[in-house]
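Read the structure below first, then the notes.
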Amino acid sequence: MDFDVVIAGGSVAGLICAREIARNKNRVLVIEEDYEIGTPEHCGGLVSTRGLEELGVIPFRKTLEHLIESAEIFAPNGNSFSINSKKQKVVEISRRELDKQIAHQAQKNGATIKVKTSFQELTDKGIKTNEGEIKCKIFVDARGVSSIIHKDRTGILPSAQYEIYADWIKKGKVKVFFDKKKYPGFFAWIIPSEEGKGKVGVAGKGINAAETIEKFLGERKNYSIIRKIFAPIWIKGPIKKFVDGKMVIVGDAAGQAKPTTAGGIFSSGMGGLFAGQAISKFLKSNNTSDLDEYQKKWTAKFGKEFETQSFARKILERLDNDTINKLFESITPEIVKEISEKDDFDFHTRSIVKLLGMKTSAKTAGVLISGELKKLLS
């Protein structure tokens with residue numbers, strides 16, 4: 001059977017794209033190389049309820065794990081502060097169930113989904129897969145970081161995430177650990193799924209992810225590992241072109257994950273949504289300028305935020321552990337309270353600036369490059 005659109009990658013971005021295309025009665029096929037939609041689960045699973053609503057998803061009970069109450073952030077010397085995240089309405093969701101829920105939305109709209117089917121190459125009339133050739137008018141690359149890693153390795157960090165049982169994991173309480181020596185350019189994290197169960201992860205420039213996460217867990221004792229995932233993450237921001245002829249790129253494959261945290265449920269999902277709408281318009285008009293609307297809409301929504309996040313990342317990467325410890329000392333209860341009262345989980349650059357104490361502490365600002373600070377705050 002021929003299709004109007006074939007989408008490679010059955011994750012949030014690809015499935016939402018399929019849902020939107022099928023909504024307009026177009027023939028769309030999603031191919032997923034793994035044996036199951038939602039597997040393996042690379043993601044930490046944090047997203048705002050507002051973000052899910054904008055993506056057109058009201059989570060099922062089995063999709064929505066629980067509301068995150070707080071995030072405790074640790075300096076290398078062990079000092080920490082805690083942000084109350086209740087007002088931000090951040091939830092921990094099961095990505096396996098979320099992906100399946102969106103797949104069901106796409107299928108109900110008329111999309112076809114096939115697993116254990118992998119993209120191999122573009123052809124004159126469509127694409128070639130491990131099961132043969134498929135004709136299509138548009139090909140959508142939603143294969144994630146695996147698609148971008150061959151084009152540019154400078155934005156890639158190795159990471160590991162284990163799902164574990166441990167009595168020191170507390171429901172609703174996220175923990176983040178900064179240490180330039182252990183996790184250069186990134187951090188370690190604990191994200192609860194429920195009381196006594198959650199995801200523990202590490203990422204960093206040039207690290208051995210397996211050794212690093214084992215050391216992290218070894219410092220905590222009393223745990224049981226039930227799943228191990230090793231996967232690269234992308235922190236360099238969006239690629240230059242989301243549309244290349246009749247190929248459209250969405251999600252992590254387009255670099256639509258946050259440069260600060262590599263989280264991308266909302267930003268990648270919106271990429272899929274905008275792409276699906278643009279492709280639907282193109283299939284009706286056959287005007288290639290309609291495809292360009294996708295990148296314009298995504299950039300209008302996320303471009304400035306991602307640009308500033310990337311700049312903040314460059315500053316943070318320059319800091320050594322002593323400087324990070326000093327920054328934590330400068331964070332006042334007033335700053336923490338202000339962050340806690342903001343609903344900005346999906347657009348959090350100003351929160352990063354406040355947490356660094358840049359607006360309130362001349363001592364803190366002095367350890368950084370003043371010209372760059374002015375640009376970041378402008």
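Laboratory data are not the source of any read-out in this text; all were calculated from the coordinates shown. Quick caveat, the model's predicted, so the values are computed rather than measured. Don't worry about glycine lacking a Cβ; one is built from the backbone with ideal geometry, like all the others, and counts go over all protein chains shown.
Just to be sure before I move on: is residue 44 on the phi < 0 side of the Ramachandran plot and in contact with an Asp or Glu (Cβ under 9 Å, 6 or more places away or on another chain) in the structure I sent? Reasoning before the result, please.
On the way: on the phi < 0 side of the Ramachandran plot: yes; in contact with an Asp or Glu (Cβ under 9 Å, 6 or more places away or on another chain): yes.
Yes.
Given the range 77-145, what strands (runs of 3 or more DSSP E) lie entirely inside it while holding 2 or more residues that are surrounded by fewer than 21 Cβ atoms within 10 Å (Cβ to Cβ) and either without any contact (Cβ under 8 Å) to a residue 40 or more places away in the chain or of a type in the set (Ser, Thr, Tyr) (or both)?
Numbers: elements: 80-84, 90-93, 112-115, 119-122, 126-129, 132-141.
Correct list: 80-84, 119-122, 126-129, 132-141.
Which one of these does residue 156 not meet: (1) touching a Leu at 6+ places or on another chain (Cβ under 8 Å); (2) in contact (Cβ under 8 Å) with a residue 60 or more places away in the chain?
Answer for residue 156: the failing condition is (1).
Is it the case that some residue within the range 313-331 is under 21 Å from the mean Cα position of the chain (by Cα), of a type in the set (Lys, Arg) and not in a helix (DSSP H, G or I)?
No, every residue in the range 313-331 fails to be under 21 Å from the mean Cα position of the chain (by Cα), of a type in the set (Lys, Arg) and not in a helix (DSSP H, G or I).
Please find, within the range 20-70, the residue that is nearest to residue 88 (Cα to Cα) out of those that are of a type in the set (S, T, N, Q) and either in contact with a Cys (Cβ under 7 Å, 6 or more places away or on another chain) or part of a loop (DSSP other than H, G, I, E, B) (or both).
Our first condition is that a residue be of a type in the set (S, T, N, Q); within the range 20-70, this holds for 24, 26, 39, 48-49, 63, 70.
From what is left, the residues that are either in contact with a Cys (Cβ under 7 Å, 6 or more places away or on another chain) or part of a loop (DSSP other than H, G, I, E, B) (or both) are 24, 26, 39, 63.
On the way: 24: 34, 26: 37, 39: 28, 63: 19 Å.
Residue satisfying both the conditions and the ranking: 63.
Table: residues versus (1) farther than 19 Å from residue 157 by Cβ; (2) out of contact with any Asp or Glu (no Cβ under 8 Å at 6 or more places or on another chain); (3) without any contact (Cβ under 8 Å) to a residue 24 or more places away in the chain; (4) crowded, with 22+ Cβ neighbours inside 10 Å.
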residue	(1), (2), (3), (4)
193	yes, no, no, no
207	no, yes, no, no
216	no, yes, no, no
220	yes, yes, no, no
232	no, yes, no, no
245	yes, yes, yes, no
248	yes, no, no, yes
256	no, yes, no, yes
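Just checking, does the range 54-72 include any residue being at positive phi, out of contact with any strand residue (DSSP E or B) (no Cβ under 6 Å at 6 or more places or on another chain) and either crowded, with 21+ Cβ neighbours inside 10 Å or of a type in the set (Ser, Thr, Tyr) (or both)?
no
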